[in-house]
Every structure is written in C-alpha cells, then in structure tokens.
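Here the structure is laid out as structure tokens; the discussion comes afterwards.
The values are calculated or read from the model by the stated rules, or taken from the named source; none is laboratory data. Being a predicted model, the structure only gives us computed values, none of them experimental. Here the Cβ positions follow ideal geometry from the backbone for every residue, glycine too, while neighbour counts run over all protein chains shown.
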Amino acid sequence: MDVIDLVTVEAGKNHLGNVSEIQIEVGSLSGVEADAFEWALELAAKGTILESAGMQIMRTTGTGRCDACNIEFEIKQILDTCPECHGYPTEVKGGNEFRVVSITG
C-alpha cells in the first residue's frame, strides 16, 4: 500500500491522470520476496491509479567483499561465504534495495 500511496502522490505532483508503467527494484537481501510482492501489488492496485499499469520488477543480487582474499562476489543470502576462503564477507554492497525506480504516465 505504501508503493501505491507513493505513486499516487508522485503522479499528482506531475499531473499524471494515469500510470502506464512502474519499475520497482527488489534486492535479494531486502527481505522482500519479489514474486509475492508483485502478486500482492497487483491485487492491491485494483481500483487505483496503478490498476492498468504494467509492473516491471527488477531483481538485484547482493555483492560481498572479502578483505582476506581481496575479492568481491555475488551473494544471494546474507550468510553466503567467500568462494575462495569460505569466510563471511566483511562488507555487503547492494542487494538490499527496495525502491520505486520510475513511473511512466
């Protein structure tokens, strides 16, 4: 519902009577299950400015950095380990995104 509220406010600010497409970025580490979110948003959008909008969900993966091996590697879960030394990443870059990227009228 927060996404619908955000889009409604932004569409109003930009004098959009209708929204034809919305792009949302969902990171694998965000705690949001992208497929379930998409399904729920489609249901919640009925009767709103988003009812006929195309929804594009962009899934992003996280990147971990291992200082011991000096490498960056893809992580799908927060507990994924370095492929070289099997240590935990000392830094997590990305993957926690959950945001509306664009709205098209």
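Points to keep in mind about this one:
- Residue 98 being modelled with pLDDT of 90 or more, among the aromatic types (Phe, Trp, Tyr) and farther than 18 Å from residue 2 by Cα: no
- Residue check for residue 27: at negative phi and either surrounded by 12 or more Cβ atoms within 10 Å (Cβ to Cβ) or touching a Pro at 6+ places or on another chain (Cβ under 6 Å) (or both): yes
- Residues of the stretch 66-105 that are in contact with a Pro (Cβ under 7 Å, 6 or more places away or on another chain) and either among the small types (Gly, Ala, Ser) or not in a strand (DSSP E or B) (or both): 82 alone.
- Reported count of residues in the stretch 38-58, each being not in a loop (DSSP other than H, G, I, E, B) and not polar (S, T, N, Q), is 11.
- If you go through the stretch 1-37 and keep only what is in contact (Cβ under 8 Å) with a residue 24 or more places away in the chain and part of a helix (DSSP H, G or I), you end up with 3, 4, 6, 7, 8, 10, 11, 34.
- Complete set of residues in the stretch 38-67 that are within 14 Å of residue 103 (Cα to Cα) and either in contact with a Cys (Cβ under 9 Å, 6 or more places away or on another chain) or free of Cβ contacts under 8 Å to residues at least 24 places away in the same chain (or both): 51
- For the stretch 75-93, the candidate set comprises residues that are touching a strand residue (DSSP E or B) at 6+ places or on another chain (Cβ under 6 Å) and under 23 Å from residue 33 (Cα atoms); within that set, the residue that is surrounded by the most Cβ atoms within 10 Å (Cβ to Cβ) is 75.
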